[in-house]
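What follows is a single structure, written as structure tokens, with notes after it.
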Amino acid sequence: MANHGNHSSHAESHGSLKSYVIGFILSIVLTVIPLVLVMNPLFSKTATYITIMIMAILQFVVQLFFFMHIREGEKPRWNVQTLILGLFIVLTIIGGSIWIMAFNV
Amino acid sequence: MWESFLEFCSWFFVTGDPLIYGAMVSIALTMVAIVFVLTKYKKWGWLWREWLTTVDHKKIGIMYLIASLLMLFRGGVDAILMRVQLAFPNLEFLHSDHYNAIFTTHGTIMILFMAMPMMFGLFNMVVPLQLGARDVAFPFLNAVSFWLFMFGAMLFNLSFVIGGSPDAGWLSYPPLSQNEFSPGPGQNFWIWGIQISGIGSLATGINFIVTILKMRAPGMKLMKMPMFSWSVFSSCIMIILAFPILTVTIALLYLDRFAGAHFFTMDGGGNPMMYLNLIWMWGHPEVYIVVVPAFGIFSEVVATFAKKKLFGYKSMVAAVMGIAILSFFTWAHHFFTMGTSASVIAFFAITTMLIAIPTGVKVFNWLFTMYRGKISFKQPMMWTIAFIPCFVVGGATGVMLSVAPADYQYHNSYFLIAHFHQVLIGGVVFGYLAGIYYWWPKLFGFKLDEKLGAWGFWLWNIGFYVCFMPQYALGFMGMTRRYYTYGWDYGWESLNLVSTVGAFLMGAGFVFQVWQILYSIKHGERDTTGDPWNGRTLEWSIPSPAPFYNFAVVPQVKETDDFWRVKEEKANGTYKEEPVHLEPIHMPKNSGLPFIMSVFWFIAGFGFVWEWVWMAAIGMIGVFLTMWARSFQYDTDYYVPVDEVRRTEASLGRVY
């Protein structure tokens, strides 16, 4: 029902098969790396933490670009606004958890 | 062979409790009765065509409403059983394990399977009508949401006859909810019931955000949108930000249980407190998710029944949107007693106090709306007026709890129990009931009987105070939650008995409401005008019950209370009649796929619960096949011809 009577919007790109496959493979690779690192510790503890964090951020970027189509759409302003709100909440979740839980470690 | 079958049954079904045998028999009899009636009156096809495959937001709303009332009954019976057990010291009505299961299911059902669907029911019944839209943005997804909720709820409810109820509290804190202390499928039922219905909740959140942003009638700027739709917008923002946290948290808990991971275990580097931290990041916004729409309902009801424009519309918008953000910054107050740094505690104590401010603003707005209004005391208004003092007391005890040093005394005591029941019953239940009474004529075409409603109202209200005021005192006297019994020497017996009497009064109120609905189906006052309350917003401009396409002509909006403007202009003769031009109406087609997909989710969920991988695999394959099938469906919509629109409108007494 959204955009009914506005069939031109169907013409807008929703990504190609190629970009979906690349995104899919990337997100699997980025998931497997931390799992392997935790199950077979290659690095020191701190290095493992940092690697997991980097993988998580990359995963976030992959999701945004390959599946959420952050660059597309009629009104990118909405995308930016919601992205800022989402980032704000994500930082609260991660930062808040570290802040609260650090006392107990 | 027979022996091993019997052995399987005694392991698979819950055995040994006469109450549960009774429940099994009644479930079996009800199912037989339903099948018999549907077959006798040849209603299977009707059920499939009109309800199971519908994508009409109004019908989906009605199904949510029915489901939530059933769940209110189940959760209410749990509550009554608990209160009977606690009525006298040393009672042996329920043994301790059964009591644990019952307080767990009571909490989970009331929040996730009663409050949430009742809220989604109201979203569905009202929002598109208020916005001047013909359906929600994604009608198919809406049906998926409903059926996922429904099958998730059924999976959860199955646990008390098959496999055993979860019994680790409504939020399943580890380490108690880990395999070591809760073996068997009970906790898995909790996880998968919530997980499956949670997908539906998230989809509903997205659906209504898009509906509100994209499908408002022409001329309805965001700042001219009715207050209920604003509150839905706020609630949906919280849903899409908070529910993923819940999904991930309980998925990790399941990995701990199923795959032997160590996220929340006591050993192997896990940390059970991390679970509390994460679950309350969802849990705190969750209480605002359910209460903010109630605030929206009160705003509509107060304006209609005081016959005045809502006081402070802009501050109201600011308050509900402010709460959407602030609610993400208070979660740690649920575990102050965990022990953390002083700065953490100070921060969360202050944010908890701050979040009372926007709600206080709203209370004053409602009071000022009523001030010098011509108030008519119809049922929706009665519940609204009852809500205000109740919620103010509940909010004030909440601020008491936010004082961290004092919280060490209140934590997990009956003081806390009384507090959150006061905000959840006084705010959420009273609000949704006000909303149901208010919008009932729009959905069904008749009003609910006033006299029986008054019985329900007074029994609920008196019962509420009789039940929960003693619990504040019991909290101060040292009674903590989840006690299944206590001794004569504690001095708690008289207050507990009073509290139990109150619970029965509320139960009687519910019985009157059911009677009221059944009575009104036959005898209720019919609504022939479409505007039974002298309403202000667009939903009252169309006939009751609303035709399936809602608006024959999409309205042009000029003001906040646009229907009120039209009525006033008509009264003083300044209304300019614009030439009406009917056009074919674009509508979505019904589909059976949401129902089928949810059946597969149920099968998968049942497999995950029993850790039968083959069954989970069958279910998940089915889910993907239905998604696949939907991806290649191109014929999903149609146009209602002008003739049919004209005929339908004429049968409802409107001539074009």
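The values are calculated or read from the model by the stated rules, or taken from the named source; none is laboratory data. Quick caveat: nothing in here was measured; it's all calculated off a predicted structure. Cβ atoms come from the backbone with ideal geometry, glycine included; neighbour counts cover every protein chain shown. Quick note on the areas: whole protein, heavy atoms, side chains included, nothing else; ligands and nucleic acids left out. Shrake-Rupley method; radii C 1.70, N 1.55, O 1.52, S 1.80 Å.
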Review point. Can you tell me which of B:Glu50, B:Glu7, B:Glu3 is under 30 Å from B:Ala546 (Cα atoms), open to solvent by 60 Å² or more (accessible area, probe 1.4 Å) and part of a helix (DSSP H, G or I)?
Key: B:Glu50
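Against the definition (open to solvent by 70 Å² or more (accessible area, probe 1.4 Å) and under 25 Å from the mean Cα position of the chain (by Cα)), how does B:Ile357 come out, yes or no? Spell out the reasoning first.
On the way: open to solvent by 70 Å² or more (accessible area, probe 1.4 Å): yes; under 25 Å from the mean Cα position of the chain (by Cα): yes.
Here the answer is yes, as B:Ile357 does meet what is asked.
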Check your understanding: In segment B:327-386, how many residues are among the hydrophobic types (A, V, I, L, M, F, W, C), within 30 Å of B:Met273 (Cα to Cα) and either outside any helix (DSSP H, G or I) or within 14 Å of another protein chain (Cβ to nearest Cβ) (or both)?
Key -> 15
Check your understanding: Would you pick out the residues in segment B:410-450 that are surrounded by fewer than 23 Cβ atoms within 10 Å (Cβ to Cβ) and hydroxyl-bearing (Ser, Thr, Tyr)?
Key -> B:Tyr410, B:Ser413
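Could you tell me how many of the residues in segment B:83-98 are open to solvent by 20 Å² or more (accessible area, probe 1.4 Å) and more than 20 Å from B:Gln187 (Cβ to Cβ)? Full working, then the answer.
Taking segment B:83-98 and keeping what is open to solvent by 20 Å² or more (accessible area, probe 1.4 Å), we get B:84, B:88, B:90-93, B:95-98.
From the residues that got through so far, the ones that are more than 20 Å from B:Gln187 (Cβ to Cβ) too are B:84, B:88, B:90-93.
Number satisfying all stated conditions: 6.
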Review point. All but one of (1) at pLDDT 90 or above; (2) more than 11 Å from chain B (Cβ to nearest Cβ) hold for A:Thr92; which doesn't?
Key: (2)
Check your understanding: Restricting attention to segment B:569-589, which residues are out of contact with any helix residue (DSSP H, G or I) (no Cβ under 6 Å at 6 or more places or on another chain), farther than 17 Å from B:Gly530 by Cα and more than 14 Å from chain A (Cβ to nearest Cβ)?
Key -> B:Glu569, B:Ala571, B:Asn572, B:Gly573, B:Thr574, B:Lys576, B:Glu577, B:Glu578, B:Pro579, B:Val580, B:His581
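On the basis of being farther than 30 Å from B:Arg526 by Cα and open to solvent by 30 Å² or more (accessible area, probe 1.4 Å), does B:Met479 make the cut?
No.
Looking only at segment B:149-195, which residues are on the phi > 0 side of the Ramachandran plot and open to solvent by 10 Å² or more (accessible area, probe 1.4 Å)? Even if it seems obvious, please write down each step before you answer.
Restricting attention to segment B:149-195, the residues satisfying the condition of being on the phi > 0 side of the Ramachandran plot are B:163-164, B:169, B:172, B:184.
B:Gly163, B:Gly164, B:Gly184, listed by residue number.
Return the only residue of B:Lys314, B:Lys309 being in contact with a Lys or Arg (Cβ under 9 Å, 6 or more places away or on another chain) and either open to solvent by 10 Å² or more (accessible area, probe 1.4 Å) or modelled with pLDDT of 95 or more (or both).
Working: B:Lys314 fails: in contact with a Lys or Arg (Cβ under 9 Å, 6 or more places away or on another chain).
B:Lys309 is the lone residue from the list that is in contact with a Lys or Arg (Cβ under 9 Å, 6 or more places away or on another chain) and either open to solvent by 10 Å² or more (accessible area, probe 1.4 Å) or modelled with pLDDT of 95 or more (or both).
From the list B:Ala242, B:Ala259, exactly one residue is open to solvent by less than 20 Å² (accessible area, probe 1.4 Å), over 18 Å from B:Tyr173 (Cβ atoms) and within 12 Å of chain A (Cβ to nearest Cβ). Which is it? Walk me through it before giving the result.
Values: B:Ala259 fails: open to solvent by less than 20 Å² (accessible area, probe 1.4 Å).
Unique residue meeting the criteria: B:Ala242.
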Exercise for review: Scan segment B:213-228 residue by residue and report those that are buried (at least 24 other Cβ atoms within 10 Å of the Cβ) and in a helix (DSSP H, G or I).
Suggested key: B:Met227, B:Phe228
Revision key, fill the gap. Within segment B:626-650, restricting to residues that are modelled with pLDDT of 90 or more and of a type in the set (Phe, Trp, Tyr), the one that is farthest from B:Val553 (Cα to Cα) is B:Trp628
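Which ranges mark the helices (runs of 4 or more DSSP H) fully within segment B:88-203 that have 1 or more residues being under 24 Å from B:Arg630 (Cα atoms) and either within 14 Å of chain A (Cβ to nearest Cβ) or out of contact with any strand residue (DSSP E or B) (no Cβ under 9 Å at 6 or more places or on another chain) (or both)?
Working: elements: B:96-108, B:116-131, B:139-158.
Here the list reads B:116-131, B:139-158.
Taking the criterion of being open to solvent by less than 80 Å² (accessible area, probe 1.4 Å), farther than 30 Å from B:Leu495 by Cα, of a type in the set (Phe, Trp, Tyr) and modelled with pLDDT of 95 or more, would at least one residue in segment B:64-71 satisfy it?
Let us first name the residues in segment B:64-71 that are open to solvent by less than 80 Å² (accessible area, probe 1.4 Å), namely B:64-65, B:67-69, B:71.
Applying the additional criterion that residues be farther than 30 Å from B:Leu495 by Cα yields B:64-65, B:67-68.
Now narrow it down to the ones that are of a type in the set (Phe, Trp, Tyr): B:64.
From what's left, modelled with pLDDT of 95 or more: B:64.
Scanning segment B:64-71, I find at least one residue that is open to solvent by less than 80 Å² (accessible area, probe 1.4 Å), farther than 30 Å from B:Leu495 by Cα, of a type in the set (Phe, Trp, Tyr) and modelled with pLDDT of 95 or more, so the answer is yes.
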Check your understanding: Taking segment B:499-516 as the region of interest, how many residues are open to solvent by less than 50 Å² (accessible area, probe 1.4 Å) and without any contact (Cβ under 8 Å) to a residue 12 or more places away in the chain?
Key -> 0
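If you check B:Thr39, B:Thr30, B:Thr104, which single one turns out to be out of contact with any helix residue (DSSP H, G or I) (no Cβ under 7 Å at 6 or more places or on another chain), of a type in the set (S, T, N, Q) and surrounded by 13 or more Cβ atoms within 10 Å (Cβ to Cβ)? Show your work before the answer.
Details: B:Thr39 fails: surrounded by 13 or more Cβ atoms within 10 Å (Cβ to Cβ); B:Thr30 fails: surrounded by 13 or more Cβ atoms within 10 Å (Cβ to Cβ).
Going through B:Thr39, B:Thr30, B:Thr104 in turn, the sole match is B:Thr104.
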Review point. Tell me, which residue of segment A:47-77 that is without any contact (Cβ under 8 Å) to a residue 24 or more places away in the chain and open to solvent by 90 Å² or more (accessible area, probe 1.4 Å) is nearest to the other protein chains (Cβ to nearest Cβ)?
Key: A:Lys75
